[in-house]
Each structure stands twice: as structure tokens, then as C-alpha cells.
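Take a look at the following structure, please.
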Amino acid sequence: MRRAGRAKPRVAVIGLDGVGAPLVAALTDAGVMPRMAALRRSGTLAPMTSTIPTVSNVSWSSFMTGVNPGRHGIFGFTDVTRDSYALTFPNYRHLRAPTLWDALGASGKTSIVLNVPGTYPAADIAGVMVSGFVAVSLERAVRPARELAVLRAHDYRVDVDYVNADQRPEAFFADLFATLAARRRTLRHYLVTHDWDCFIGVVTETDRLHHYFWSAWLEPAHPWHQRFLDFYAELDAAIGELIDLLADDAWLFVIADHGHTGIVSECYPNAWLRAEGLLAFTTSPPTSMAHLDRRSRVFILDPGRVYLNLRGRFAEGVVAPGPEAEELLARISEGMLALEYSDGGTSCRPVQAVHRCDDLYVGPYRDAAPDAVLQLADGFDPKGALGCTELFGRSVLTGMHTYDDALFYVNRPGFPTAGLAITDMAPTILGLLGCPPLAAMDGRVLAGQ
């Protein structure tokens, strides 16, 4: 039963990692998600654009800060060091912009932040934080530390064990359901036992399911099709339980950081760079960036981030900034846009755009950004694989991220959604709670109280 309204405004956000608006529309139409269907009838459901590159830690960072990566400093799951070219892994400590819960805390308001990707290691906030993916240690994923006992009592799990999921589907699905059940217990606990102004809880199990078993959704005859539907029915029940605990006048958002679609082929653009003599390695096959031949002029990291080996940016850079760099970027853009994929007599050009850094990013951390980012058509998944010599291929993954159809739902009809972007979430939530941001935001306040 829903609670009566409260004097103060409240905002609850349920995040569904990797869930697109078209998938929810299809599942509600098919009767798999009756609670979401009821929400859809009484509120506003629309697609929302993500970030470029479209990866979870970049997208959720823009959700929580309301700014583009040039202002928050997170450009992917990996970065490359200036001196050694070794890969590093940015985490919450590398986030350079204040978050919406920082702004709420400064205004004397309390937040519950559960399982948001990119928030590890957890920081002290006005409320409770439990880090999401990639959280290596549960002990370092919880603030205040006393909440660790609560998580253990609920058998809390940070993530699904999805390693080799395709080879052990029964075990994967069992763990998928168990992780969702633990997540549901934990979200319910914090929803009802704490006094909060903003509640944010993210389900990441959806993203894992999609990457490995999107084909099970597409193919009704697939041996795991029904289990896919069963999971969404269970997720729908969990959402229903949570919203039944909200006050009638509370604002509810159900959102995603990006959508998903099926993979036609993976694309390995470093293979083109190698064939063009622009990229080389000291061993064959290379297994890490440590094997980069320092005479290389360019390399590409997941997912399609182009880095020139620039003098001044990298210790052993060979490309001069200015005309030489511009000429090289033009050559790469022309080559990437001309790539062709053929299968069964049909062909297409999968690279839709090569976005320059200056077209994507503004802010004090733009210099740390890739020089360009490839944007491929849905169905073509860009990978930064170093050792591939073929342009196209497949792995065990069957689902990939999409940019322009991330789920957005709010429990108010007629909510403005024109040009809706993930950066709009933070300023909108702050506006609903009557709090000013701590710094300028790129996103818009979509609606007031």
C-alpha cells in the first residue's frame, strides 16, 4: 500500500543499467511487466540520449554530475599514462565535478545512493553510499562503515558472476536471480528504514543479461528465452514493491544509462591502423599496451576512442600538434568512414561518424579526452582489441550498448522530454528538491516542483 504524502518533496530514482525504452515498451505490451505497464499508463516514458562514448562509467558519471566528460574527467573504463603508456582504471576519486548528492548534502538534505556504477571506492556523504561496479572490495564500497553489517545481513552482492556466462548459463541465471533478490531486499531496507530526500538504487544485472543473452530476447525459440522473460517479470515485481513503499506525491524516475541491441559484428579498428602502418607493437600478438611500439602514431581504446601519440601529451609522442595532427585525424576519419562490412551479399558502412574532441567535450579536463571517438551504427560494436588483424569478428557477446534510446520514465503525465539527455537528470532532481547545484551543469532543469 502506498504511503500518504509527506510535507517535504522526495525524489526516488530506480536505475536499470543498459535498459532501453523500446525494450520496456515491448515487455509491457507483451504483459511481462504489468507494474511498469501501469506506470507507463499514468506517467511519461520516453527514450533518452546517453554519452559518447556510450559506456556505463561515463554515462553514470554524467547522470550524477549533470555535465559532459570534459567537466567530470571520466572518458572510459581505462586511461593511458603519459610516461609508460600503461592502462589505468579511473574510479570515483578521479571524478572532477560535484555530484547531485554533494549539492543535496550542502543544502542539508540526505541521499541514499546504492549501486551506482563509477562510485567506488565509496565516499562519505550526507546519507549512505554503497558503491556499484567496479567495486573490488565490499568493505571499501560502503559508507558509513557500520552499514557493512546491514549488507551482509541481506547477503548483498555487488555484481553477478558473469565470467564465461555463455559456457555455464544455468549457473549464470541462478546467480542473476539471486543477485536481484539480494538487491531487492537491500533497496527495500534503505527505502523504509532511513529518512531521505533523494533515493537512488541501480540494478546492474540487466546489463549483464543483455551482453550475454540478448539473443535469448530476440529469438523466441532460444533455450533461455523464457528465463529472460522470467527475469524481467521478477524485476517488474521488485519495482512494484519499491514504488508501493513511496509516498503518493513522491517523484519517481526509472532510468537507464544507455540502451541495448543485438550485435551483427564486432569491429576492431586497430586492425585498420596496423594495416595502414600507423600502429605497431613490439610483440606478436600484443597482449597489452606495454607492447606498443613507441613509433606508432595512433591507437584506439575501447570503445572506439582514438588517441594520437602526440608530442607533449605522451612522453615518447611522435605526432606534432597542429597541422600534422589535423592531417592525421583527417586521414583516420576518411579511412574509418570508408570501412565496409559485407555479409551474405549485402554490405554497409558501419562507422556513422568520427567525432572530434572539440565537438564532444567542453570543460577544464578536455585535454585528457580522446582526440576523436568513433560512433558506429547499432549492431556494430567497436572494440579496442590490440591483437586482432581482421576488421570484423564475433565474440561470445550478443548484446551491445546503444546511444539514443536509454530508458526514461517519470510518474507524471505530460513531462517534457524534447531533447532529453542523461545530463538533464541531476539538475532536474536538484530543481525538484529546491537545491542549487554546486557548479555549472550542462543539463537542463526539465520541470520544477
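Every read-out reported here was derived from the displayed coordinates using simple, explicitly stated rules and does not represent laboratory data. This is a predicted model, so every value here is computed, not measured. Virtual Cβ from ideal backbone geometry, glycine too; neighbours counted across all protein chains shown.
How large, in Å, is the range 328-430 by the Kirkwood hydrodynamic radius built from its alpha-carbon pairs?
This gives a value of 17.1 Å.
What are the principal axis extents of the Cα atoms in the range 135-253, in Å, biggest first?
In descending order, the Cα extents are 47, 35, 19 Å.
Considering amide H positions built from the backbone, and no H for Pro or chain starts, which residues 5 or more places from LEU433, or on another chain, come under 5 Å of its amide H?
For LEU433, whose amide H was placed from the backbone, there are no distant partners under 5 Å.
Using the reciprocal of the averaged 1/r over all distinct C-alpha pairs, how large is the Kirkwood radius of the range 220-305 in Å?
18.1
Note down the net charge around HIS291, summing +1 for each Lys or Arg and -1 for each Asp or Glu among other residues with Cβ under 15 Å from its Cβ.
Summing Lys and Arg as +1 and Asp and Glu as -1 gives +1.
Could you pull out every residue, at least 5 positions away or on a different chain, whose amide H is within less than 5 Å of the one on GLN352? Hs are placed 1.01 Å off N in the peptide plane, and Pro or chain starts have none.
Under 5 Å from the amide H of GLN352: GLN375, LEU376, ALA377.
Are there trypsin sites (Lys or Arg not before Pro) in the range 340-438 that DSSP puts in a loop and that have at most 14 other Cβ atoms within 10 Å, and which ones?
Taking the range 340-438 and a limit of 14 other Cβ atoms within 10 Å, the loop trypsin sites (Lys or Arg not before Pro) found are ARG394.
Which whole-Hz couplings ³J(HN,Hα) result when phi for each residue of the range 168-174 is put into the Karplus expression 6.51 cos²θ - 1.76 cosθ + 1.60, θ = phi - 60°, listed in order with x for Gly and Pro?
Coupling constants for the range 168-174: 9, x, 4, 5, 4, 5, 4 Hz.
To continue, here is another question. Can you give the helix-only mean residue ellipticity at 222 nm for the chain, where every DSSP H stretch with n ≥ 4 adds -39500 (n - 2.57) and the sum goes over all residues, rounded to the nearest 500 deg cm²/dmol?
-9500 deg cm²/dmol
In square nanometres and to one decimal, what's the mean projected area of the convex hull around the Cα atoms of the range 286-354?
With the hull built on Cα positions only, its mean projection is 6.0 nm².
Which log10 I(q)/I(0) values does the chain give at q = 0.06, 0.11 Å⁻¹ under the Debye formula, counting every alpha carbon as one identical point scatterer?
Calculated log10 I(q)/I(0) at the listed q: -0.26, -0.88.
Given bins 5 angstrom wide, list per bin the percent of all Cα-Cα distances in the range 59-166, short to long.
All Cα pairs, binned at 5 Å, distribute as 2, 12, 19, 21, 18, 14, 8, 4, 1, 0 percent.
Here's a follow-up. Using alpha carbons only, how many angstrom separate the centre of the range 128-182 from the centre of the range 30-72?
Spelled out, the Cα-based centre of one part sits 22 Å from the other.
So what are the ³J(HN,Hα) numbers for the range 249-266, from phi and the Karplus equation (6.51, -1.76, 1.60; θ = phi - 60°), rounded to whole Hz, Gly and Pro as x?
So the Karplus estimates, Gly and Pro as x, are 9, 5, 7, 10, 10, 10, 9, 9, 7, 6, x, 9, 8, x, 8, 7, 7, 7 Hz.
Next question, about the same structure. Translational diffusion coefficient of the range 1-102 at 37 °C, 0.692 mPa s, Stokes-Einstein with Kirkwood Rh over Cα pairs, in µm²/s as a whole number.
It comes out at roughly 196 µm²/s.
Using 0.36 nm times the number of residues separating ASP293 and ARG82, minus their current alpha carbon distance, what extension gain do you get?
Difference between extended and current length: 74.5 nm.
On to the next question. Percent antiparallel among DSSP beta bridges with both residues in the chain, to the nearest 5?
55
Pop out the ³J(HN,Hα) list for the range 123-140 in order, Karplus 6.51 cos²θ - 1.76 cosθ + 1.60 with θ = phi - 60°, rounded to Hz; leave Gly and Pro as x.
Values, residue by residue: 10, 6, 10, 7, x, 10, 10, 10, 5, x, 3, 9, 9, 7, 10, 4, 4, 8 Hz.
Between the range 219-237 and the range 260-300, how many Å separate their Cα centres?
Comparing the Cα centres of the range 219-237 and the range 260-300, I get a distance of 37 Å.
Let me ask something additional. Can you give the convex hull volume per residue for the Cα atoms of the range 226-361, as a whole number of Å³?
It is 230 Å³ per residue.
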